[in-house]
């Protein structure tokens, strides 16, 4: 699986994350483990998503599956952004075809005050899974992850996925004090979840702010940035990747929050993202980026896919380091063989 290394710090993904030039362009894919793989569907059959996420042996096997199949340069811990909320005792479930659904949405001071804390023993199965993975991954770095406070808050306030985030924004603007209390609490949970993963041995972490693109930069800076900054500031020993969808206008602020690597979705060319990041913070080192193939391009045929892979690699050279990825997650109906070919394209052609 990617070849054993005496020193995992020389793994291409970690070299690129530090702003170096690795031996090959590293690549991994968000949602590389999961529904696109028949071996995943077979293993998960009859097991609820959140139960699977807290079964160390199942987490280990599911995380390993795409590494074996695709020869990617990073393994992403199989989990879900609501795992720490569920583990802490919040009544929620992942409903197939819908996503996370919260039994009692959080909208009042009493609701926020009643939220539980997360304790290490509640996510011990995740730490055990990290240990198993580090015994089996060889030289492939394991990436831990968590949901950012804003995205978690949106699920809790809306009661589930939302297109317009109207209740979330209403609370944010209508009662800023309560909003910051909620995000402060969620930042504590997220930081503890990441702390457990880092202590167990993940080699990098990714903070997913899936819904942050619903916000203006002004609102992001006032209502979100301080809390994401606190979460990312709690992780100092491994590279930190920060990713959101539709966040083109927010990229400088997301880097400001403490990202070592800025995830870019497919809407913004990587060289444009780099220029934007440099212009916003000329005093900082040249940025490192991750991305950003449109997941739909995996359905477009191999010639079109190769053109896009080459384009993205060219644009990625504007950065100090580039980790190839999708601009969002692998779509469920994606042909696994095409994913494997995409990895070969990233690895095989000239940088």
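The values are calculated or read from the model by the stated rules, or taken from the named source; none is laboratory data. Just so you know, these numbers come straight off a predicted model, no measurement behind them. Methodologically, a virtual Cβ is constructed for each residue, glycine included, from the backbone with ideal geometry; neighbour enumeration extends over all protein chains shown.
Would you say residue 16 is under 19 Å from residue 202 (Cβ atoms) and either without any contact (Cβ under 8 Å) to a residue 12 or more places away in the chain or buried (at least 23 other Cβ atoms within 10 Å of the Cβ) (or both)? Answer is yes for this residue.
Is it fair to say residue 329 is in a loop (DSSP other than H, G, I, E, B), crowded, with 18+ Cβ neighbours inside 10 Å and in contact with a helix residue (DSSP H, G or I) (Cβ under 9 Å, 6 or more places away or on another chain)?
Working: in a loop (DSSP other than H, G, I, E, B): yes; crowded, with 18+ Cβ neighbours inside 10 Å: yes; in contact with a helix residue (DSSP H, G or I) (Cβ under 9 Å, 6 or more places away or on another chain): yes.
So residue 329 passes the test.
For region 241-252, the candidate set comprises residues that are touching a helix residue (DSSP H, G or I) at 6+ places or on another chain (Cβ under 7 Å) and surrounded by 21 or more Cβ atoms within 10 Å (Cβ to Cβ); within that set, the residue that is nearest to residue 330 (Cα to Cα) is 244.
For every residue, the table says whether it meets (1) within 20 Å of residue 255 (Cα to Cα); (2) assigned to a helix (DSSP H, G or I); (3) free of Cβ contacts under 8 Å to residues at least 12 places away in the same chain.
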| residue | (1), (2), (3) |
| --- | --- |
| 199 | no, yes, no |
| 205 | yes, no, no |
| 218 | yes, yes, yes |
| 221 | yes, yes, no |
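Only one entry in 178, 182 is part of a helix (DSSP H, G or I), at pLDDT 95 or above, crowded, with 22+ Cβ neighbours inside 10 Å and out of contact with any strand residue (DSSP E or B) (no Cβ under 7 Å at 6 or more places or on another chain), namely 182.
Per the conditions (1) part of a loop (DSSP other than H, G, I, E, B); (2) out of contact with any helix residue (DSSP H, G or I) (no Cβ under 8 Å at 6 or more places or on another chain); (3) free of Cβ contacts under 8 Å to residues at least 60 places away in the same chain, the sole criterion not satisfied by residue 318 is (2). Of the residues contained in region 87-94, none is found to be closer than 22 Å to residue 326 by Cβ and under 17 Å from the mean Cα position of the chain (by Cα). If only residues of region 32-65 that are without any contact (Cβ under 8 Å) to a residue 60 or more places away in the chain and within 17 Å of the chain's Cα centre (by Cα) are counted, the one that is surrounded by the fewest Cβ atoms within 10 Å (Cβ to Cβ) is 62.
Quick grid of which residues meet (1) at positive phi; (2) buried (at least 17 other Cβ atoms within 10 Å of the Cβ); (3) without any contact (Cβ under 8 Å) to a residue 60 or more places away in the chain; (4) not in a loop (DSSP other than H, G, I, E, B):
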residue	(1), (2), (3), (4)
86	no, yes, yes, yes
106	no, yes, no, no
111	no, no, yes, yes
116	no, no, yes, no
122	no, yes, yes, yes
130	no, yes, no, yes
135	no, no, yes, yes
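There is no residue in region 257-267 that is assigned to a helix (DSSP H, G or I) and surrounded by fewer than 24 Cβ atoms within 10 Å (Cβ to Cβ). The residue list 338, 309, 289 contains one member that is in contact with a helix residue (DSSP H, G or I) (Cβ under 6 Å, 6 or more places away or on another chain), outside any helix (DSSP H, G or I) and touching a residue at least 24 places away in the same chain (Cβ under 8 Å), which is 289. The single condition among (1) assigned to a helix (DSSP H, G or I); (2) in contact with a helix residue (DSSP H, G or I) (Cβ under 9 Å, 6 or more places away or on another chain); (3) closer than 26 Å to residue 323 by Cα that residue 13 does not satisfy is (2).
Across region 150-175, the number of residues qualifying as touching a strand residue (DSSP E or B) at 6+ places or on another chain (Cβ under 7 Å) and free of Cβ contacts under 8 Å to residues at least 60 places away in the same chain comes to 1.
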